[in-house]
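Following: one structure in structure tokens, then a few remarks.
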Amino acid sequence: MIGYTLDELQPISIQTWERFAHPEDLKISSQKLKDCFEKKSDYYDCECRMKHKEGHWIWVLDKGKVISWTKEGLPLMMFGTHTDITETKTSELKLEEMAKKFQGIFDSTFQFIGFLNPDGILLEANQTAMDFAGLSKEDLIGKPFWECYW
């Protein structure tokens with residue numbers, strides 16, 4: 001998945017993961033792993049970036065579970081999987097970026113814009129409409145359009 005043979009990764013340990021994990025993802029990954037090791041969570045589950053042998057980053061869904069413990073209650077052995085989710089994560093991030101751009105346009109236009117469901121219930125209204133009417137989202141969202149005080 002990250003371009004290395006198992007022999008190149010030996011010995012495989014938590015340090016192996018830390019060596020290839022993206023620095024920005026290490027904090028959340030380490031916290032989730034710590035929670036698993038301290039039995040605050042039954043399993044480890046984290047979406048992280050890992051450095052490929054060719055130098056680029058891939059997104060990985062990392063799941064694991066401690067399967068044996070020492071007499072002192074410390075983790076001895078962990079079993080898990082890594083799944084390449086790069087395509088899915090890339091699409092998800094692009095969709096989030098597009099949604100932010102849309103929201104920026106939606107909120108900054110000087111036209112009244114709102115979205116209704118087929119029953120006329122207001123699902124969303126832009127800032128211009130709310131400012132003009134002197135209303136908040138709580139005053140509008142989820143109510144029939146004709147009952148809102150425009």
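The values are calculated or read from the model by the stated rules, or taken from the named source; none is laboratory data. Keep in mind that this is a model prediction, so the values were computed, not measured. We place every Cβ from the backbone using ideal geometry, glycine too, and count neighbours over all the protein chains shown.
Brief remarks follow.
- Any hit, the range 3-18, residues being at pLDDT 95 or above, within 24 Å of the chain's Cα centre (by Cα) and either over 30 Å from residue 148 (Cα atoms) or in the same structural domain as residue 136 (by TED's automatic domain parsing) (or both): no
- Residues satisfying the stated conditions in the range 13-38, i.e. in contact with a Cys (Cβ under 6 Å, 6 or more places away or on another chain) and part of a helix (DSSP H, G or I): 25, 29, 32
- Those residues of the range 39-79 which are part of a loop (DSSP other than H, G, I, E, B), over 17 Å from residue 3 (Cα atoms) and of a type in the set (Lys, Arg), in sequence order: 39, 40, 71
- Residue ID - farthest from residue 59 (Cα to Cα), chosen from residues in the range 99-110 that are in a helix (DSSP H, G or I) and not basic (Lys, Arg): 108
- When the range 112-150 is filtered for residues that are touching a residue at least 24 places away in the same chain (Cβ under 8 Å), outside any helix (DSSP H, G or I) and farther than 22 Å from residue 99 by Cβ, the ones remaining, listed by number, are 119, 120, 144, 148.
- Checking 87, 92, 96 one by one, the residue that is part of a helix (DSSP H, G or I), without any contact (Cβ under 8 Å) to a residue 12 or more places away in the chain, more than 23 Å from residue 1 (Cα to Cα) and not aliphatic (A, V, I, L, M) is 96 and no other.
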